[in-house]
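Shown next, in structure tokens, is the structure this report addresses.
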Amino acid sequence: MKSYIKGKFSKSLFMSDNGYVVGLFKVKETDKINKEFINKTVTFTGYFHELNENDTYIFNGNFQIHPKYGEQFAVDSYERCMPEEKDSIVEFLSSGLFKGIGEKKAEKIVSKFGTDTLNIIMDNPEKLVSVPTITKKQISTLHDTLEEYQASYKIIIELSELGFSTRESMIIYNKYKNRTKDVIDNNIYKIYEDIREINFKKIDSIAIKLMDREDNRRVSAGIIYVIEEIYNNIGHSYLLINEIYDYISRALNTYISKEIFIEALNSLILDLKVIKKDEKYYLKYMYEDEMLIVNKLSYLEKFPDDQYKKFDNYIEQYQKDGDITYNQLQLKAIKSALTKHVSVITGGPGSGKTTLVKAIIEMYQLLNKMSYKSLMEKVALLAPTGRASKRLSETTNLPASTIHRFLKWNKDLDKFQINEHNQSDVEFVIIDEASMVDVSLFASLIRGLKHDTKIVIVGDYNQLPSVGPGQVLKDLIESDMINTVKLKSIYRQKNDSHIINLAYDVNEGIVNRGLFNEGEDLQLIEVDSNELLVKIKDICFDNIKKNYRDFQILVPMYKTINGIDNINKVVQAIFNPKDPTKNEIKVGDAIYREEDKILLLNNMPDENIFNGDIGIIERIEDKDIYINFEGNIVKFTPANYQNLKHGYAISIHKSQGSEFKTVVIPVVKEYKKMLYRKLYYTGITRAKEKLILVGDLKYLDIATQNNNSDMRRTTIKEMLIGSLGDANYEKD
């Protein structure tokens, strides 16, 4: 049930470019439910055109509890109340909104016209000449300012009447101000280009009331929408013309002739919104991002090597001091990372990639005679996810960060504060789990680094590719143009590790039945899909004494009886059954209970937790859920419940960047849409000590043979070869 508060805006505490405001509000009137707030100042949040301290407003919405900032009134819509009493009108006219009108002059005007003053100013401003000492300029200022003041609210009402929500109307008006009506009249799809909080389907549903379904503006916007959808769903960085055309009629729910389509596409090319190279079609930002990556890495690849005197003596002493012996490939990787300005270290599970990062950093400190403080200022250890950065930090005993945190991502503005205009001072960057980094994120990182910053890229490109478009790590390695060391020896576990042998076999398209049940680390439990849940229950009962974090079920998909959602319900009943001593709360179909294992679905950088992090519910108080993320206790309220899901079973995609002592992976026929090599290879490589496969091995064989699901089309590889591959360039 919606509530309202009426009163005066006091001040803003935060204001974003798109009109989002956190502020203070003095409540004069409200509904019966919230009457305790009358004559009190409360915190509010919402989207606004502008707020003036002397105006009276009605805010519609609800009181909510923010996990960090406490009780707030979340505003869904608002009304500005024009002043009606004489004193209020005087206060309004002398508020500073009307330039040159002070309190004395305002009193003279109101004394003459009383409560009808504002109507006189709007409809008959010439009558103001009868007020002593008022000038024609001041009369014009009063009329024009009041007209603009009222027009802005009128535009917001008109946007709402078109079908935009109040929040969307505020965002649109705050973007375009007095140009809003022109944007709507000339090309409403400009909103889709400029404001990504409002999706294409919403704008299109309004636009077809205003223009012909085959209008060039609509088809052009539809083309951009189709390309972005394919970018995000398939991962290509460019499309072919027939692919775009095949989708356009479906996207617009309108038959579009080839002639109209070509005309719209050509207009986008002329406007430089779409880039055509040969027969490849890119959105401008994607083409520029790929070009930026290629140009920067080509520049760094040609950069003169750093020279260190007695390098071999230093590395020999380092091994001696640490009682370590590196093989030739590992020594090559360390030397390449320290002397080249860009290098790649790749290898499968257990090959020692992350362990080498520690050696590289410590050698860098040693060779450059740096203090620990200086090292932390000049070196950045980065990973794409929170769990991956934590693992990197644990392995190296050094601070590590997500790329988003390093670049100081502003969630409200959806912008990085470290960028080409405000670059980081770091001299050396190492990116771990680089297979998960998409084109746009890598390009953003490059923009935030100085021209000569060293970059070391570490990862296994046989794992799942990035969620966003592109396959940066794979392209760099396959171009053979960037200094790359491919680690081959296995160091994480003994060479007879059945888990790692299985991973390498699967990556080669082989399923060796003889690996299973030969040791404790790799087990196969053969059941058909109807018995899967029963067997998973048995496994859970066998492992009930294990720490929740050490035992993880990885499942390819969410739906069906053998999907993530149902498995979580089954496993919760075993690991954390209903208990009268434990508080619980129902959210949709899920019941969250104290001591439940929870997965975070979205980044919450203000709380230092990120998508894929796993925590345990420490306590539930009323509607507040307190979750312990490895010592970081975060409060969740109904406002952010959508960020949570049970974490007993999670998707393989969500597990990337993580490791677990024991991993259970079901493989049954229901997952046929998700049976492909990279997915199961990634799942297998999440297991540190024990892997249990449950199901039918023939479906693992099907997955292993399917290596076509992520055949992404990108051009970084091709561009790198073009940039660095001429005969005059000698590569080490």
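I need the shape label for the range 298-355. Rule: rounded when a/c is under 1.5, else prolate if a/b > b/c, else oblate, with a, b, c from the alpha carbon gyration tensor.
The shape class here is oblate.
At 222 nm, what value in deg cm²/dmol follows for the chain if DSSP H runs of at least 4 each add -39500 (n - 2.57) and the sum is divided by all its residues, to the nearest 500?
My calculation for the chain gives -12000 deg cm²/dmol from helical runs alone.
If you count only protein heavy atoms with a 1.4 Å probe, what accessible area per residue comes out for the range 208-288, rounded to a whole Å²? Don't skip to the answer; put the middle values down first.
Numbers: 4080 Å² over 81 residues.
Result: 50 Å² of accessible area for each residue.
With equal scatterers on the alpha carbons only and no solvent term, can you work out the Debye log10 of I(q)/I(0) for the range 381-509 at 0.15, 0.22 1/Å?
The computed values of log10 I(q)/I(0) come out as -0.80, -1.49.
With a 1.4 Å probe and every protein chain kept in, tell me what percent of the accessible surface of the range 413-522 is carbon plus sulfur.
Carbon and sulfur together cover 43 percent of it.
With unit charges on the beta carbons (Lys and Arg positive, Asp and Glu negative) and the dipole taken about the Cα centre of the chain, which residue among Ser10, Val342, Val570 sits farthest to the positive side?
Farthest towards the positive pole: Ser10.
Report the FRET efficiency, 1/(1 + (r/R0)^6), for His451 and Lys411, where r is their Cβ-Cβ distance and R0 is 22 Å, rounded to 0.05.
0.15
Please work out whether the range 306-445 counts as rounded, prolate or oblate from its C-alpha gyration tensor, where a ≥ b ≥ c are the square roots of the eigenvalues and a/c under 1.5 means rounded, while otherwise a/b larger than b/c means prolate and anything else oblate?
Prolate, because a/c is 1.5 or more and a/b exceeds b/c.
Can you tell me what percent of all Cα-Cα pairs in the range 9-78 are more than 15 Å apart?
50
Cα to Cα, under 25 Å, and not fewer than 8 places away if on the same chain: which lysines meet these conditions relative to Lys105?
In chain and number order, the partners are Lys8, Lys86, Lys127, Lys136, Lys137.
Report the Cα-based extents of the range 164-206 along its three principal axes, largest first, to the nearest Å.
25, 21, 15
Three principal axis extents, largest first, for the C-alpha atoms of the range 585-732, in Å?
70, 42, 30
If packing is taken as the average count of other Cβ atoms within 10 Å, what order do 196-203, 235-242, 472-479 fall into, highest mean first?
472-479, 235-242, 196-203
For the range 1-138, list log₁₀ I(q)/I(0) at each q in 0.18 Å⁻¹, using the Debye formula over Cα point scatterers of equal strength and ignoring solvent, two decimals each.
Debye intensities relative to I(0), on a log10 scale: -0.97.
Tell me the relative contact order for the chain as a rounded percent, counting alpha carbon contacts under 8 Å between residues six or more apart. Present the calculation step by step, with values, prior to reporting the outcome.
Details: 1258 pairs, mean separation 74.1, N = 732.
Computed value for the chain: 10 percent relative contact order.
Which value in nm describes the separation of the simple spin-label points at Asp312 and Ser257, placed 7 Å from the Cα toward the beta carbon?
Using points 7 Å along Cα→Cβ, the separation is 7.5 nm.
If Rh is defined by the Kirkwood formula over all Cα pairs and Rg also comes from Cα, what ratio Rg/Rh do you get for the range 231-305?
1.13
Measure of size requested: the Rg and Dmax of the range 445-546, with Cα atoms as the atom set and Å as the unit; please supply both.
My reading of the Cα-based Rg and Dmax gives 19.9, 58 Å.
Dividing the convex hull volume of the Cα atoms of the chain by its residue count, what figure in Å³ per residue is obtained? Mind dumping the intermediate values first?
Numbers: hull volume 156.8 nm³, N = 732.
Normalising the Cα hull of the chain by residue number yields 214 Å³.
What ranking, highest mean first, results for peptides 77-87, 163-173 when packing means the other Cβ atoms within 10 Å averaged over each residue?
Going from most to least packed, we get 163-173, 77-87.
Taking 25 Å as R0, compute the FRET efficiency from the Cβ-Cβ separation of Met557 and Lys661 and round it to 0.05.
0.55
May I have the convex hull volume per residue, in Å³, for the Cα set of the range 91-225?
129
Over the range 168-274, what percent of the accessible surface lies on carbon and sulfur atoms, probe 1.4 Å?
Values: 2380 of 4990 Å².
After summing per-atom areas, the C and S share lands at 48 percent.
With r defined as the distance between the Cβ atoms of Met711 and Lys277 and R0 fixed at 25 Å, what FRET efficiency is calculated, to the nearest 0.05?
So, using R0 = 25 Å, E works out to roughly 0.80.
Counting only protein heavy atoms and using a 1.4 Å probe, what share of the accessible area of the range 298-343 belongs to carbon plus sulfur, as a whole percent?
49
Dividing the Cα radius of gyration by the Kirkwood radius, what Rg/Rh value follows for the range 262-348?
Working: Rg = 22.1 Å, Rh = 16.9 Å.
So for the range 262-348, dividing Rg by the Kirkwood Rh gives 1.30.
Beyond 14 Å, what percent of the Cα pairs of the range 57-105 remain? Please list the in-between numbers first.
Numbers: 764 of 1176 pairs.
Beyond 14 Å sits 65 percent of the P(r) for the range 57-105.
Taking a probe of 1.4 Å, how large is the accessible area per residue of the range 523-578, in Å²?
Per-residue accessible area for the range 523-578 comes out at 49 Å².
Just to confirm, what accessible area per residue do you get for the range 584-732 at 1.4 Å probe, in whole Å²? The partial results should precede the final answer.
Working: 5980 Å² over 149 residues.
For the range 584-732, the per-residue accessible area is 40 Å².
For the pairs Lys454/Lys474; Lys280/Lys678; Lys415/Lys450, note any where the Cα-Cα span goes beyond 22 Å.
Too far apart for the 22 Å limit: Lys280/Lys678.
Multiply the residue gap between Ser371 and Lys26 by 0.36 nm, knock off their C-alpha separation, and tell me the result in nm, one decimal place.
118.9 nm
Return the Cα extents of the range 371-433 along principal axes one, two and three, sorted largest first, each rounded to a whole Å.
So the extents along the principal axes, rounded to whole Å, are 33, 26, 16.
The values are calculated or read from the model by the stated rules, or taken from the named source; none is laboratory data. Note that the structure is a prediction, hence the values are computed from the model and not measured. Heads up, the Cβs are rebuilt from the backbone with ideal geometry, glycines too, and the neighbour counts pull from every protein chain shown. Just the protein is used for accessible areas: all its heavy atoms, side chains included, with ligands, DNA and RNA removed. Shrake-Rupley method; radii C 1.70, N 1.55, O 1.52, S 1.80 Å.
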